[in-house]
Amino acid sequence: MEKPDLSNAYALSGAEDIRRLYAGWADSYDADFAQGMDYRLPAEVAAAFLRHAPPAGPVLDVGAGTGLLTQALRALGHAGPVDALDLSAEMLARAGTKGLYRALIAADVTKPLPCKGYAGIVSSGTFTHGHVGTEAFGPLLDAALPGALFALSVNQGVWDSLGFGPALAALPVTGLDRAEVAIYGQRAARKDPLHAADRALIVTFRKA
Ligand SMILES: C[S@@+](CC[C@H](N)C(=O)[O-])C[C@H]1O[C@@H](n2cnc3c(N)ncnc32)[C@H](O)[C@@H]1O
């Protein structure tokens, strides 16, 4: 099996590929990837979500992985229920050990979802090369309550190629905004110079 790293993750194609890579990455993801790369994106998304005054109610963490985004939300004082949704049972199992979530939901965000009624939808690191594109917006809007606040990171490298601008502009949403951030901190330059300077857009909006 290929070594789980960013270059392999960015080259994924399809749900089976994604499940296979993350099954082999779940145990080392936090200590090796997140620590080694000084991975800041979950904290950036959590801060953006809370800055936009989310309505009270359950939150869905999309492509939750090992739970780093909800860890950041908790660290910033968010106490309400959060559900984790991910394709990878192994990543979800890892997230489950942290006691952060109301529910762990193994599902594909590009398909109709088995859950609904969310006042907030958050995601870090999932709208990126080889992962999820704009096809997730329909299922996520269906799972969200009217007025729900979304805060989603989109890797800058797929913003134009996957048509995020036009897709977002066509959604039934209000208050669409975006902010550019660095995905990694200073330690990343030593571990993975190829990706150390990668950037993302944090998109925020409310379901109309
Ligand atoms: C780079 S990880 C990000 C995990 C976490 N949010 C973070 O920032 O550390 C991407 C996650 O998205 C999940 N994923 C990829 N495609 C998916 C899909 N179609 N539906 C649900 N989860 C998906 C992967 O299994 C993986 O756990």
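The values are calculated or read from the model by the stated rules, or taken from the named source; none is laboratory data. These numbers come from a predicted model, not from an experiment. Note: ideal-geometry Cβ built from the backbone for every residue, glycine included; neighbour counts use all protein chains shown. Note: areas computed on protein heavy atoms with side chains; ligands, DNA, RNA excluded. Shrake-Rupley method; radii C 1.70, N 1.55, O 1.52, S 1.80 Å.
I'd like the distance separating the alpha-carbon centroids of the range 1-54 and the range 108-178, in whole Å.
17
Shape call for the range 49-96 from the C-alpha gyration tensor, a ≥ b ≥ c root eigenvalues: rounded (a/c under 1.5), prolate (a/b greater than b/c) or oblate? Let's see the in-between values first.
On the way: a/c = 2.46, a/b = 1.94, b/c = 1.27.
Prolate, since a/c reaches 1.5 and a/b exceeds b/c.
With the Cα gyration tensor of the range 89-175 giving a ≥ b ≥ c as the square roots of its eigenvalues, does the rule (a/c under 1.5 for rounded; else a/b larger than b/c for prolate; else oblate) give rounded, prolate or oblate?
Working: a/c = 1.99, a/b = 1.32, b/c = 1.51.
Verdict is oblate for the range 89-175.
Shape of the range 1-136 from its Cα gyration tensor (a ≥ b ≥ c, root eigenvalues): rounded if a/c is under 1.5, otherwise prolate when a/b > b/c, or oblate? Walk me through the numbers on the way to the answer.
Details: a/c = 1.68, a/b = 1.36, b/c = 1.23.
Note, shape of the range 1-136 comes out prolate.
Give me the accessible area per residue for the chain, probe 1.4 Å, as a whole number in Å². Could you put the intermediate results ahead of the total?
Working: 9000 Å² over 208 residues.
Here the per-residue accessible area is 43 Å².
Starting at the first residue of the range 106-114, write each ³J(HN,Hα) from the Karplus equation 6.51 cos²θ - 1.76 cosθ + 1.60 with θ = phi - 60°, in whole Hz, x for Gly and Pro.
8, 7, 9, 5, 8, 10, x, 9, x
Residues with amide H under 5 Å of Ile105's amide H, sequence separation 5 or more or different chain, H placed in the peptide plane at 1.01 Å from N; which?
When sequence neighbours closer than 5 places are left aside, the close amide H contacts are Ala84, Leu85, Asp86.
Across the range 56-63, in residue order, what do the Karplus-derived ³J(HN,Hα) couplings come to in whole Hz, using 6.51 cos²θ - 1.76 cosθ + 1.60 with θ = phi - 60° and x for Gly and Pro?
5, x, x, 10, 10, 9, 8, x
Out of Ala196, Gln71, Leu152, whose Cα points farthest toward the positive end of the dipole of the range 6-207 (charges: +1 Lys, Arg; -1 Asp, Glu; placed on Cβ)?
Farthest along the dipole direction, towards plus: Gln71.
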